[in-house]
Every structure is written in C-alpha cells, then in structure tokens.
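Notes to accompany the following structure.
The values are calculated or read from the model by the stated rules, or taken from the named source; none is laboratory data. In this text the structure is predicted, and so the values were computed from the model without any measurement. All Cβ positions, glycine included, derive from the backbone under ideal geometry; neighbour counts span all protein chains shown. Accessible surface is based on the protein model in full, side chains and every heavy atom, while ligands, DNA and RNA are left aside. Shrake-Rupley method; radii C 1.70, N 1.55, O 1.52, S 1.80 Å.
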Amino acid sequence: MLDAKRLERLRRQIAASFFCLATILGSQAVSAQEFYGPAASNPHIGGTLTMGSLLEPPGLDPFHQGADARIRVTVLMYQGLFYEQASGEPIPLLAESYTVSPDKLVYTIKIRQGVKFHTGQTMTAKDVAYSYNYIRDPKNGSPGAGDFGAVKAVDVVDDHTVKFTLTEPNVTLPMTLGNKYGAVVPAGYFDAPDSKGKMNQVSVGTGPFKLVEFKPNSNLMLARNPDYWEKGVPYLDRVNFVFLPSSASMLVALTNKRADLAVLTRPQDVKQVERVPGLKIERWPSLNQKALDLGSEYGALSDVRVRQAIALAVDKDEIMRAAIGGLGQTIGTMVAAMQDRWGVPLADLPNQKLDLERAKKLLADAGYPGGLELNLTTIIGYDWMDPAAVTLREQLAKVGIKLNIQRIDLGVWIKNFQSKQMGLTFNDWATQPDPSLLFYRHFHMAPKGADFRNWKNEAASKLLDEGRAESDLTKRKEIYFKFQKELATSVPTIMLFSADLITVRGDRVQNYAQHPTGWYYGLARTFLAQ
C-alpha cells in the first residue's frame, strides 16, 4: 500500500506543477470543476462521514484564530476570492475573473453573482471590500494582516466589482486572497461585540458546508449548505469531526468503522492498520513543515552563536525517523514540495551538517563553556513532537545543553505565538506554494511582517520586500536564495522535515483527495458508496 516509487513519482509530478506559475496578468476564469478536488462522475448524494481527529481547533474564527487545526476545517465553511489548487495555482473562487493594470498596482476583480452567505444574505462587492479591509487592518488583530501589507485600498466599483490598489507590486496577491486567514463575510459582521465568539456557534461564510455544532472535547458537525452556489456540491449531507483523546482510540475507531476517515501521523499507527480489511492507506505529498523555532526574546537564544550551536547539534534525519518513522523528507530552508523550484541545495547552506565540536566552541564563545539549560515547548495532540523532543534532548545534551520538555495545550501555544513569546518550541505549519507566503509574514520585521520569533533582521526583511515585488522568476529565485542563506546563517528557525500526509479511509469512502496543505478541502467532493 505504501509504494515508495509511486509516491516519489507523484511527489515529482506535483512539485513540478507547483512552480509553473509565473506572474498572472490579464483576465482569468476557470471551471468550478477544479475546486476542492476531482469531480465524481456519478457520486452518491447524502450520508454522514465521520472523520477522526486528534487535534481540536481552539476556535472557528478564520480572521483571528491562527491555528492550523482551525484552518483545516474552516476552509469548508469560509471562502476567499481565490482558491489554491493542489497544483499551486490560484484560481478565481468567489471571484469570477480579474484584470491587472500595466503597472501591476491595480487588480480589478469581478465577483461571482448569486452567492449567498450561510445567513441567507446575497454577497455583494460591499461584503468583499469590508472583509478584506477588516483583515488587513492591524488594529483588528488578525495573524494574516501582514500578508496584505502592500494593499493600499480595497474599493467597491459597483455591486459586482472590487478594486485592490497596491503601494507596490505584489505578485502573490491572488494567492493571498484565499481563505487561510480571513474570508468573505457579511459587511459589518464584526461590529457586534459577541461576533468573534459567535463563530463557534454559527457560521457566516459562503462555503459548501455550514456549522451545526462545535462541542469542545467532543465533536464538530458540519452540514451541507443547501444554498451553495455550485449546484450538486457537496455530495455528503454531513461531516462529523470526532475529537479523540489518543492514537490508540483513533485506531480502534478506524478498525471498528466508527470513523470513516483519518489522517495518521505516527508510523506505528500506520503499521497497525496496514492489514486491516476494509481500510485503505494513501500517502500524499505535503507543503507542511515540522520546525524548531528559536525565539530571540528567550534568554540565551538572543545570541546568534547559541542558535547556530543548536543547529549544528541537530541531526534532522534522526529526529524524523523518531518522529514519523521516515515517512517524509528532511529539509533545509524550504518545504519539500517547493525544494526543486525554490530551495537552496542543502550542501550550499550553512549550519546544516552535524558538527558537535564547533557547536561547543560557539557556546563557549557566547559565554556558556559549561553549557546551559533551556525549556522546549511541545503541543499536546501533536504526536510527532513527543518522540522528537526526547531525541532532540539527547542530541543537545552532547554539546552541554540541558533541555526541559514542557507540553502545553494548543490554545496556550497560540497565545504565546501571537504575543511573540515563542521561546524554544516545535512548530507545525503548512504554506501556500509561494516563497513570499511561506516567509514574509513569519520573518519580516514589524510592522509589515509579524516577526513571530523576534528576529529583527533588516537585511532579510529587505530581501523579502524585493522578492514579493519581483515578477521575473529567475531574479525572484536569486532573491529567495539569498534570503534562505541568511535564514540558515542567523537561525531564527530550524526547518526539520516535511512529513508525507497519510490518510486512512474505509472502503466506502470515495473520491477523497488530500490537499497538500493538509487542509480538508477534499471533503467537499467526497461521497460514501452505497
């Protein structure tokens, strides 16, 4: 079932298609058949699919909640102007078509007509302008605000047209106008004081599914949106995300057919279900990365020599084997699916090879000849982090660094993330397939970027500005090569590996395609065989 040769062929095909995208100019339109995965020729309509999950979203607010566990499910309820195809191309979703001015500073977007919100209201350009103006305003506290730093204004042209005016060219704008952060919601929605919390009770998006209930520590139920603008979609009546306390309970649920579909992250779990009748295992290429973040606000980590020493003491391959049994790919400064096009070869990056003696010297030069003690934060429910933490502790001990492992809830971790008090922590996140969307918000200095790790690197920020504006692919690649070398030299983060996405489904689950981001877009075109 786990055919390595087939996986490698698939990975190369997708990696090649990810980066065929050049600057998108002129008018664009697309068939709805491309949204959310492959259309089924004769799907059975109806039924409830139960999806097992070890991760519970801290909340369902796509504007203010940054957890990847949230994004995975809210993409089914909320939509942006564009959809990110698995091939990496942004295609109009709530947009219908668009044009770009010759100076690349004005995007005029025609919006899809006849779209209704889950509230029953008809979507207009006023709603679109309100939604994107809200998310881009840093006073509103969206973790995605930095992605819109180049947007000067979003204006209504008429009921079905909006205009985005930029301060500088930004070739990633169409991809940014998706729904990782934000979406199109009714104008004025956030005027109500209880609006943010209410998103955990009632959805107000335009997506194929509506929220039925969200019970913490229990389940999240979605139902078909009967007014969805694409007729015949979704195929399912309901999707029930059941939050399970452990991998053992997940395996029991899959084996006993109480769960129809799940994403597995531990190699031992994959092996346990490989030969269970009626279950099918599939591996999918990923835009995800597992990383070790080094917040410069945290004590000794403010010294670049300490961060470099940690990088030189880390054996990424050993951590990946411990964490996911080798079901992935070690990386340097680029996620695996983007490495061929955008990544600097690992041999050309500094601080990638294990060098314990140099690490000890750097620590001594930084004032820690006898070593030091650090706390490592991991997130409860991210199973790969537990064995990875133990392995990392053993590795750092060899250079005199004592590591204390602290496991915290995802909600607490998110608060640390948003307040830029990350310290030394494991991270787990996916990107859209463009280097600006991978790097800019995370690593650019404030206020244009969020600089979550308090890196405050002026040279790197300048390169990120240049890369976002450059439309020539050769020149753009050169810029991001320089940035990645600075990232590897200064070490605000250590990208460890990209894990393959592994899904397990019962044999009645048909037409599910796992999006490389790890988000559950594919459920909109999944059906249950009779």
- Task: Please work out how many pairs of lysine residues in segment 394-530 are eight or more positions apart (or on different chains) and have Cα atoms closer than 22 angstrom.
- Result: 18
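What does the charge add up to near Leu523, with Lys and Arg as +1, Asp and Glu as -1, over the other residues with Cβ less than 13 Å from its Cβ? List each step's numbers first, then the result.
Details: positive: Arg72, Arg224, Arg238, Arg505, Arg525; negative: Asp237, Asp260.
Once positives and negatives cancel, what remains is +3.
How charged is the neighbourhood of Pro208? Take every other residue with its Cβ under 13 Å from the Cβ of Pro208, and add Lys/Arg as +1 and Asp/Glu as -1. It would help to have the intermediate numbers written out before the result.
Values: positive: Lys116, Lys210, Arg224, Lys231, Arg238, Arg525; negative: Asp227, Glu230, Asp237.
Residues near Pro208 contribute +3 overall.
Could you provide, to the nearest whole Å², the per residue accessible area of the chain with probe 1.4 Å? Each step should come with its number before you reach the end.
Values: 19920 Å² over 530 residues.
Spelled out: the 1.4 Å probe surface of the chain, per residue, equals 38 Å².
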- Provide the per-residue ³J(HN,Hα) series for segment 178-190, in order, calculated from phi with Karplus coefficients 6.51, -1.76, 1.60 and θ = phi - 60°, each as a whole number of Hz, with x at glycine and proline positions. x, 9, 5, 10, x, 4, 9, 10, x, 4, x, 4, 7
- Query: In whole Å, how far is the Cα centre of segment 339-381 from that of segment 428-480?
  - Reply: 21
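Of the heavy-atom accessible surface of segment 174-231 (probe 1.4 angstrom), what whole percent is carbon and sulfur?
Numbers: 1080 of 2230 Å².
Carbon with sulfur: 49 percent of the solvent-accessible area.
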- Message: P(r) for segment 244-290, please, calculated from all Cα pair distances in 10 Å bins and given in %.
- Response: 22, 57, 19, 1
- Task: Return the aspartates and glutamates within reach of Lys139: Cα separation strictly under 18 angstrom, same-chain partners fewer than 8 residues apart disregarded; answer none if there are no such residues.
- Result: Asp61, Asp147, Asp191, Asp194, Asp451
- So what's the net charge close to Arg358: Lys and Arg +1, Asp and Glu -1, counting the other residues with Cβ under 12 Å from its Cβ? +1
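Taking all protein chains in place and a 1.4 Å probe, what share, in percent, of the accessible surface of segment 264-336 do carbon and sulfur account for? Don't skip to the end; give the middle numbers.
Values: 1100 of 2380 Å².
It is 46 percent, rounded to a whole number.
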- Message: Cut-off under 19 Å on the C-alpha distance; same-chain residues fewer than 8 positions from Lys126 excluded. Which lysines are left, in chain and number order?
- Response: Lys110, Lys116, Lys152, Lys163
